[in-house]
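Below: one structure, written as structure tokens.
Since every read-out is calculated from the coordinates, none of them should be taken as a lab result. These figures come from a predicted structure and were not determined experimentally. Neighbour counts run over all protein chains shown; Cβ positions are idealised from the backbone, glycine included.
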């Protein structure tokens, strides 16, 4: 089951969302050029290594806390990178549409930092670098869940090489996604093997931050999307034009 897109088109070009994706892409392409030793060092310098901020916090200045920000632009492989960027592409344009370019960037960064800090609080003694945009993207998903409650997500399921498309209400999909992250994150506290290398608590922290903060960043000049808007002929055309 693969998410393709949502059913609500944005009304403006999402310049900031595209710029964030481009920046992540440039950093990832740089990573691909590094040797195994260089990439390990790169991740330890710019990724979030929780134990460093626990054991050596008395020796650190404010300028040493940049990994709480820089880690959200690093990725550990193609699947990690593509999955995050595709999710950001699906949800980010509409959220930027409601917030405006500058507000969206600030919102994105704050959610990413909140995700990093949440991961740190739960894994204070971990020597493993945490990296990825998924914490910030989780904040975008949390905002989308309440800004566009009547939207739907179009999924693709290949059945015996025949593409099958169906829709799930975005609110339902995102709610169950969050509950799944919460359950997995709780289990990972009691059994390290349950984590599987996934920073569940970064996802949880970013999502909660997005839900808590999105109202502060919404541009009041643009009306809230409603069921009538979602069921308009324009939205109907946008929803089905690529599939039938």
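Grab the Cα-Cα distance for residue 216 and residue 58, subtract it from 0.36 nm times how many residues apart they are, and report the gain in nm with one decimal. Length gained between residue 216 and residue 58: 53.5 nm. Note on residue 166/residue 121: beta-carbon distance plugged into 1/(1 + (r/R0)^6) with R0 of 45 Å gives a FRET efficiency of 0.70. Evaluated at q = 0.18, 0.19, 0.24 Å⁻¹, the base-10 log of the normalised Debye intensity for the range 31-142, with identical point scatterers placed on the Cα atoms, takes the values -0.93, -1.01, -1.31.
Could you state, as a whole-number percent, how many of the C-alpha pairs of the range 53-112 are farther apart than 15 Å? Roughly 64 percent, rounded to a whole number. Ordering 1, 124, 141, 16 by the number of other Cβ atoms within 10 Å of each residue's own Cβ, fewest first, gives 1, 124, 16, 141. Taking 126, 116, 138 as the candidate residues, the one with maximal mean-square fluctuation in a Gaussian network model of the chain, Cα springs under 10 Å, is 126. For the chain, the mean residue ellipticity at 222 nm estimated from helices alone is -19500 deg cm²/dmol, where every DSSP H run of n ≥ 4 contributes -39500 (n - 2.57) and the total is divided by all residues, rounded to the nearest 500. For the chain, find the longest principal axis of its Cα atoms and tell me its angle to the long axis of helix 101-122, 0 to 90°, nearest 10. The answer is roughly 50 degrees.
For the range 2-240, the relative contact order comes to 28 percent (Cα pairs under 8 Å, sequence separation of at least 6).
At 0.36 nm per residue, and after removing the present C-alpha to C-alpha distance, how many nm does the segment from residue 10 to residue 65 gain when stretched out fully?
Working: separation 55, 0.36 × 55 = 19.80 nm, distance 3.52 nm.
Going from the current span to full extension adds 16.3 nm.
In what order do 85, 99 fall by count of nearby beta-carbon atoms within 10 Å, going from fewest to most? Walk me through the numbers before you get to the answer.
Numbers: 85 20, 99 23.
Exposure proxy ranking, most exposed first: 85, 99.
Treating each Cα of the chain as an identical point scatterer and summing with the Debye formula, the log10 of I(q)/I(0) at q = 0.07, 0.11, 0.15 Å⁻¹ comes to -0.25, -0.61, -1.08. For the range 1-73, what log10 I(q)/I(0) values come out of the Debye formula at q = 0.12, 0.17 1/Å, with one point per alpha carbon and no solvent? Log10 I(q)/I(0), no solvent term: -0.54, -0.84. To the nearest ten degrees, helix 15-32 and the longest principal axis of the Cα atoms of the chain are 40 degrees apart.
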